[in-house]
Amino acid sequence: MRTTRRLLLAGLAAIAPAAFTPAAGQTTVTLTHALPPASHYGVGALAFKETVERLSNSRFRVTIQRNDNEREAIEATQIGTQEFVITSTGPVGNFVPETLVLDIPFLFRDYAHARGVLDGEIGRELLARFPARGLVGLAWMENGFRNLTNNRREVSSPEDVRGLKVRTMENQVHMRAFQTLGALPTPMAFSELVPALQQGTVDGQENPIPVIVANNLNQVQRFLSLTRHVYSPAVLIGNPAFLNRLSPADRAIFDEAAKAAVVANRNKVTEDEQNGVAELRRRGMTVRETVDTAAFQAALAPAFQAYAQQFGAATIERIRNWRPGS
Ligand code: PAF
């Protein structure tokens, strides 16, 4: 019996390399992101994969996996156990501190403003900071404007936020904002969010409409307020050792794929923003569309002062005052 099992294992070991090793001359790379395949990250990841495989005649294959702990995924990209990650900037500031300026509340007026800044000189300057931290910033993608959800009450003014236990991303800029509003910010990875809401460890969370829809957060949250309190960029990051080994022609393929990922991702955000609120209402959420944005901005004045000290008022104004063509 034992001999038969040993023979069987030996046989499997002999065929395993043939079955699982990629074809000669083929390289498989891994891309992770935190959301379901049909989400705005999922479609971006798929566009990246399809472009790489098409332009390289399948010499490169891309495996897409989900990891909803973004900090862990960035670390894995840094050390090279995976080649690419699409992540919100939530934890990115812990690696590339210069990006934290993008996480300031009410910094961007609308999507055109955010996309314009990120695609222009400012965005390129920030991507240029990644290599010093052992990462390559390939392209700015998008998560979207964040909105507050909770299980306690409708939120339309800063007073309504007072005392709410709110899960935030592991991001100092966001945490300072919620502290300033009198909430109790609780930073945690997205992977821990649903149990924390179910157990009442936190009352609420904040995320863009595409995330709330794709993750069915309506199942664990009752009230949605369209606070749009902060724009949440995402970024496609690569492992430097992998990218530096590529020939210029192959590197161009990955750059092209990054562009395709951005287009697919942003189109999906636009679509979800158009349909998502109605969908969440249909799923039973109580939606507060009008909030007192001016009051939120006034209540955040002490936080804005601290950000000006941390990042420099001129840097913030340069982003805030960006106009098309500037
Ligand atoms: O809330 C977060 O952590 C992020 O917005 C998410 C959902 C992981 C997408 O990047």
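Read-outs: derived from the displayed coordinates by stated rules, not from any lab. Values in this document were obtained by computation on a predicted structure and should not be read as measured data. Please note: Cβ atoms are built from the backbone with ideal geometry, for glycine as well, and neighbour counts cover all protein chains shown.
Quick rundown of the values:
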read-out	value
Exclusive hit being within 14 Å of PRO105 (Cβ to Cβ), of a type in the set (A, V, I, L, M, F, W, C), within 16 Å of the ligand (Cβ to nearest atom) and part of a helix (DSSP H, G or I), set VAL173, VAL166	VAL173
Hits in region 225-242 (condition: within 15 Å of the ligand (Cβ to nearest atom) and on the phi < 0 side of the Ramachandran plot)	THR227, HIS229, VAL230, TYR231, SER232, PRO233, ALA234, VAL235, LEU236, ILE237
In region 286-326, the residues that are in a helix (DSSP H, G or I), in contact (Cβ under 8 Å) with a residue 24 or more places away in the chain and within 19 Å of ASN147 (Cβ to Cβ)	THR293, ALA295, PHE296, GLN297, ALA299, ALA303
Strands (runs of 3 or more DSSP E) enclosed by region 41-154 - at least 2 residues per element that are buried (at least 19 other Cβ atoms within 10 Å of the Cβ) and within 13 Å of the chain's Cα centre (by Cα)	84-88, 136-150
Odd one out for TYR231 among (1) among the aromatic types (Phe, Trp, Tyr); (2) touching a Leu at 6+ places or on another chain (Cβ under 9 Å); (3) closer than 30 Å to GLN179 by Cβ; (4) in a helix (DSSP H, G or I)	(4)
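Let's see how each residue does on (1) over 28 Å from VAL194 (Cβ atoms); (2) within 11 Å of the ligand (Cβ to nearest atom):
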| position | (1), (2) |
| --- | --- |
| ALA34 | no, yes |
| ALA38 | no, no |
| LEU46 | no, no |
| SER58 | yes, no |
| ARG66 | no, yes |
| GLN78 | no, no |
